[in-house]
Every structure is written in C-alpha cells, then in structure tokens.
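Since the structure comes first, as structure tokens, the remarks are kept for the end.
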Amino acid sequence: MAEQGVPPVPSPAAMSYPAANVGLPTGPEVLRTYSGAFICLELIFGGLVWILVAASNVPVPVVQGWVMFVSVTAFFCSLLFLCVFLCGLAHMIPTNWNFVDLAFHFFAFVFYFGAFVLEAAVSSLANLMKNENTTVLHLDNRRIGLNVAATIFAFAATMCYGCSMVLGFRRWRQ
C-alpha cells in the first residue's frame, strides 16, 4: 500500500529512455523554418547533381563514382530526415534530434565538399594537354557543360549543408 504524499517509483523502462529533444517543429510547420527550407534546397541541388553526373555518362568512374555515391546517399538521408519531421515521428523516437541534426549535416557537409572538389577537378582537367599527342581526359562540349553544371550545383548543395550544420549547431548548443 502506497503512503500518501510519496510519489510512486517509476519503472526501469521509463527511466532508461530519455524524452525526445526536438528543436524543430513537426508536421508541415517544419517547412516554415530556415532548416526546413535548407533541407528542401539540399534535396533539389543534390538531385540535380545526381542527374547531371549520370547524364554525363560518368566519364571518370573512379572519381565520379564517389560524387554519385555522396549525392544519392545524401539525397535519401535528407529525404528521410525531412519525412521524420513532416510525419511527426521525431516525437515518437526518443533521441536528441538536435544532435542528430548537427551530426548528419556535419558529415554530409564534409562528404559533399569532397565531392564538389572532385567534380571540379574532372571539369577543369577536361581536354588538358599532357603531351602533344595525348590528353588527360577528352570530353565533348556537352559532357563538359554537364560536369560544370554538376560542379556548380554540388557547390550549392555543399553550402546548404553547411548552413544547415550551423543552424543545427545553434539548436544543439541551446
């Protein structure tokens, strides 16, 4: 029999899972925040990088394979992250969403920066003369244009991930 004035002892299961720490609103309201807008831009620019590199028929598979991996992986992870907040699952999954936001955008920023540099290298080294007879990489004007556009959108996606990382850091620090 419980004594009056003494709170009941919580169960061990209730003590082992902390409450979800969410700094962003859930549902459609997340799209009205700067973070939601940056995630939408990340999806748009990342999808364009993915499409443009694939349309260029991947002339340098070793380098552009990494660019494709980063753009596809970051696209789907950003889409999943946005869906978690749009569907309200962030309140159902007990974790520190501010830290998850910061960590995801930090790693995406680092990987996308590397992909941007590699794509820029492919674009700038196209048709560079090594000797009189050979070139390092021969691309036609269409492929050069696609790779230059992919470089520009990879830079834009990198900046969006960087801005999201800064916003995530501000939320995590509070």
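The values are calculated or read from the model by the stated rules, or taken from the named source; none is laboratory data. Quick caveat: nothing in here was measured; it's all calculated off a predicted structure. With ideal geometry, Cβ positions are generated from the backbone for all residues, glycine too; neighbour counts draw on all protein chains shown. Ligands, DNA and RNA are excluded from the accessible area calculation, which covers all protein heavy atoms including side chains. Shrake-Rupley method; radii C 1.70, N 1.55, O 1.52, S 1.80 Å.
Structure values in brief
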item	result
Label-point gap, in nm, between residue 37 and residue 117 - each point 7 angstrom along Cα→Cβ	3.1
Rh by Kirkwood over Cα pairs, then Stokes-Einstein D for the range 53-155 at 0.692 mPa s and 37 °C, µm²/s	211
Acute angle (nearest 10 degrees) that the helix 141-173 long axis makes with the longest principal axis of the chain, alpha-carbon atoms	20
Contour excess over end-to-end distance, with Cα ends at residue 142 and residue 127 and 0.36 nm allotted per residue	4.1 nm
Helix 61-86 vs. the chain, principal-axis angle (Cα, 0 to 90°, nearest 10)	30
Mean Cα-pair separation over length for the chain, i.e. relative contact order, pairs under 8 Å, 6 or more apart, %	33
Whole-Hz couplings from phi, Karplus 6.51/-1.76/1.60, listed for the range 47-59; x for Gly and Pro	x, 5, 4, 4, 5, 5, 5, 5, 5, 7, 6, 6, x
Solvent-accessible area per residue, Å², over the range 43-125 with all protein chains present [probe radius 1.4 Å]	47
Linear extension gain, residue 83 paired with residue 9, 0.36 nm per residue minus alpha-carbon span	23.0 nm
Rg/Rh for the chain, where both radii come from Cα atoms and Rh is the Kirkwood radius	1.22
Percent carbon-and-sulfur accessible area, the chain, ignoring ligands, DNA and RNA, probe 1.4 Å	71
